[in-house]
Amino acid sequence: MSILKDKVVVVGAGLMGTGIAHGFAHAGFTTVLVDSQAAATAKALAAVARILDDGVRLGKVEALAAEAAKARLSAQSDLGHAAEGAALLVETVTENLAVKQAVLSAAAPRMQAGALIATNTSALSVTEIATSVPQPERVVGMHFFNPVHKMKLVELVRGLATSDEAVARARAYSDALGKTSIVVNEAPGLTTSRMSAMAGNEAMCMLQEGVATAEDIDTALRMGFNHPMGPLELGDLTGWDTRLSVLRYLHAMLGEKFRPCPLIIKMVAAGRLGRKTGAGVYRYDEKGQRIPGSGLKASAL
Ligand SMILES: NC(=O)c1ccc[n+]([C@@H]2O[C@H](COP(=O)([O-])OP(=O)(O)OC[C@H]3O[C@@H](n4cnc5c(N)ncnc54)[C@H](O)[C@@H]3O)[C@@H](O)[C@H]2O)c1
């Protein structure tokens with residue numbers, strides 16, 4: 001039987017839940033979006049409709065397909081009721097172990113026997129999250145990227161108890177969404193956050209040492225390696241406070257090579273967090289446009 005017949009429940013209707021619910025509904029799954037805040041699900045349904053309507057306007061989605069996707073997606077506030085008979089649950093609530101475990105333990109008994117449970121956690125342990133259900137072998141990480149409808153990758157994360165079958169099923173769902181999946185054994189920062197933290201940290205150390213200007217370091221990775229963004233502009237987008245907390249975690253877990261560059265600590269202390277505060281490595285005008293030539297100068301550090 002086609003997996004498209006499976007009922008999918010997405011728990012957490014925030015930034016990521018919105019994109020994940022859109023993905024499943026658009027791919028053909030009957031999808032129920034659950035959030036403890038009614039306002040969040042209302043906002044998410046409107047955002048999904050907007051993504052689909054934009055797709056139609058741009059000629060990327062057929063009008064009928066967009067309407068069918070909207071009809072396949074519904075919202076619920078009662079998790080137990082929503083989980084009834086579901087074959088897949090994707091948990092994407094707030095990044096907090098206790099909150100995630102409470103969601104899983106409430107939903108698991110109401111789902112189909114042997115249903116798959118996926119967590120979209122960025123940094124928590126899948127192994128630890130899975131201890132909240134009687135069959136931890138059916139819990140797997142499905143780490144999506146923002147914005148979900150544009151980003152192709154899903155990191156499938158294997159916790160200590162995750163079965164091969166659970167990984168294979170998660171891969172089949174990911175394929176059905178048109179995503180490319182990779183399998184990662186649970187580890188701090190998985191592959192993506194670990195690599196990105198390392199590159200961003202090294203770029204900041206080079207800036208601090210005066211090896212090259214901020215603009216030239218970013219140009220090096222964009223033009224030399226075809227990266228869509230340089231590591232310093234990416235850090236400005238992510239926020240250096242977020243970057244610093246990831247680096248501190250990786251430093252604690254993986255050792256010296258992740259020691260945060262002092263310049264990042266200095267910038268966070270100064271409130272130069274990136275685009276969100278109007279200044280990071282670069283400065284931004286009131287419209288959020290980068291001011292040319294505004295990169296931090298080594299002489300000013
Ligand atoms: N933001 C990103 O770029 C990104 C990328 C990959 C993974 N993640 C992970 O995805 C998860 C969600 O992140 P987000 O950015 O969408 O967060 P968010 O704050 O936008 O959304 C979280 C939602 O969960 C809801 N929620 C909290 N407790 C709940 C409960 N008990 N039951 C039902 N709903 C509940 C909140 O009301 C909120 O709407 C986190 O684990 C995060 O680490 C985030």
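The values are calculated or read from the model by the stated rules, or taken from the named source; none is laboratory data. Remember, predicted model here, so these are calculated numbers, not experimental data. Neighbour counts are summed over all protein chains in view; Cβ atoms, including those assigned to glycine, are modelled from backbone coordinates with ideal geometry. When the accessible area is computed, the model is the full protein with side chains, heavy atoms only, and any ligands, DNA or RNA have been set aside. Shrake-Rupley method; radii C 1.70, N 1.55, O 1.52, S 1.80 Å.
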(request) Evaluate the following for GLN76: is it within 15 Å of the ligand (Cβ to nearest atom), in the same structural domain as VAL8 (by TED's automatic domain parsing) and closer than 25 Å to HIS26 by Cβ? (result) yes
(request) Specify the residue that is farthest from SER36 (Cα to Cα); the eligible residues are those in segment 99-115 that are of a type in the set (A, V, I, L, M) and not in a helix (DSSP H, G or I). (result) ALA113
(message) For segment 139-172, give me each residue that is open to solvent by less than 70 Å² (accessible area, probe 1.4 Å), away from the ligand (no atom under 16 Å from the Cβ) and outside any strand (DSSP E or B).
(response) ALA161, THR162, SER163, ALA166, VAL167, ALA168, ARG169, ALA172
(request) Consider only pairs whose beta carbons are under 8 Å apart and that are at least six residues apart or on different chains; among these, list those whose first residue lies in segment 70-98 and is under 20 Å from LEU15 (Cα atoms) and assigned to a loop (DSSP other than H, G, I, E, B) and whose second residue is among the aliphatic types (A, V, I, L, M) and open to solvent by 40 Å² or more (accessible area, probe 1.4 Å). (result) SER77/ALA38; VAL93/VAL99; GLU95/ALA123; GLU95/LEU124
(request) Go through (1) of a type in the set (A, V, I, L, M); (2) within 16 Å of the ligand (Cβ to nearest atom); (3) under 20 Å from GLU186 (Cβ atoms) one by one and return the number of the condition LEU116 breaks. (result) (2)
(message) Quick test for you: out of SER181, SER132, pick the one residue that is open to solvent by less than 60 Å² (accessible area, probe 1.4 Å) and closer than 24 Å to SER2 by Cβ.
(response) SER181
(request) Among the residues of segment 24-46, write down those that are open to solvent by less than 20 Å² (accessible area, probe 1.4 Å), more than 11 Å from the ligand (Cβ to nearest atom) and part of a helix (DSSP H, G or I). (result) PHE24, ALA25
(request) Would you be able to tell me the number of residues in segment 92-113 that are within 19 Å of the chain's Cα centre (by Cα), open to solvent by 50 Å² or more (accessible area, probe 1.4 Å) and within 7 Å of the ligand (Cβ to nearest atom)? (result) 3
(request) Give the residue that is farthest from the ligand (Cβ to nearest atom), with candidates limited to residues of segment 119-132 that are part of a loop (DSSP other than H, G, I, E, B) and hydroxyl-bearing (Ser, Thr, Tyr). (result) THR131
(message) Which count do you get for residues in segment 251-301 that are open to solvent by less than 20 Å² (accessible area, probe 1.4 Å) and within 13 Å of LEU207 (Cβ to Cβ)?
(response) 8
(message) What pairs come out if I take residues in segment 115-127 that are touching a residue at least 12 places away in the same chain (Cβ under 8 Å) and over 12 Å from LEU104 (Cβ atoms) and pair them with residues that are open to solvent by 10 Å² or more (accessible area, probe 1.4 Å) and of a type in the set (Ser, Thr, Tyr) whose C-beta lies under 6 Å away, six or more apart or interchain?
(response) ASN120/THR92
(request) Look through segment 1-22, keep the residues that are closer than 14 Å to LYS70 by Cβ and open to solvent by 10 Å² or more (accessible area, probe 1.4 Å), and return whichever of them is nearest to the ligand (Cβ to nearest atom). (result) THR18
